[in-house]
Amino acid sequence: FDDSDISEALHWLAGVLLAPHGVPQKLPDSRTSFRAFAPRELAKLDAECRGFLLTLEQSGILGPQTRELVIERSLAATGDSLTPDQLKLIVLMVLWNQQMPTSRLVAEDLFSAPHARLPN
């Protein structure tokens, strides 16, 4: 890896680490609202990635605030779009940093992407 790649990765990780751990603002409950994606988000997260986020939210793994942090960190990743495996890594890093309780099966599924790397 060259210095610019390492610097960029550390900058991205700092965004995860510096994210607020509380509830910065009250977002509507996903059971009674609909999250529309902006054009930039649609370009970065394909239908499979958006479906994965929806599944995590509907199953109670992600709340609205955590979902927004995952989307924000996804947009901060380099590259035009993310693969589902790359999104899983982002979700895993956000959940661990937020110290969100997750089941062992969820963690294994998120961590099971053997060739996933954030884009560089």
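Taking region 81-95 as the range and being under 15 Å from residue 50 (Cα atoms) and either out of contact with any Phe, Trp or Tyr (no Cβ under 7 Å at 6 or more places or on another chain) or crowded, with 20+ Cβ neighbours inside 10 Å (or both) as the test, the residues that pass are 81, 82, 83, 85, 86, 87, 88, 89, 90, 91. Of all residues in region 58-74, at least one satisfies being surrounded by 13 or more Cβ atoms within 10 Å (Cβ to Cβ), among the acidic types (Asp, Glu), modelled with pLDDT of 70 or more and out of contact with any Phe, Trp or Tyr (no Cβ under 9 Å at 6 or more places or on another chain). Residues in region 53-60 include at least one that is out of contact with any Lys or Arg (no Cβ under 6 Å at 6 or more places or on another chain) and among the small types (Gly, Ala, Ser).
Of all residues being of a type in the set (S, T, N, Q) and in contact with a Leu (Cβ under 9 Å, 6 or more places away or on another chain) in region 75-113, which is modelled with the highest pLDDT? Just the residue, please. Among residues in region 75-113 that are of a type in the set (S, T, N, Q) and in contact with a Leu (Cβ under 9 Å, 6 or more places away or on another chain), the one modelled with the highest pLDDT is 81. Scanning region 28-57 for residues that are among the polar types (S, T, N, Q) and loosely packed, with under 11 Cβ neighbours inside 10 Å, we see that the one that is farthest from the chain's Cα centre (by Cα) is 32. In this entry, residue 6 is excluded by the filter for residues that are at pLDDT 85 or above and among the β-branched types (Val, Ile, Thr).
The values are calculated or read from the model by the stated rules, or taken from the named source; none is laboratory data. These numbers come from a predicted model, not from an experiment. Cβ atoms come from the backbone with ideal geometry, glycine included; neighbour counts cover every protein chain shown.
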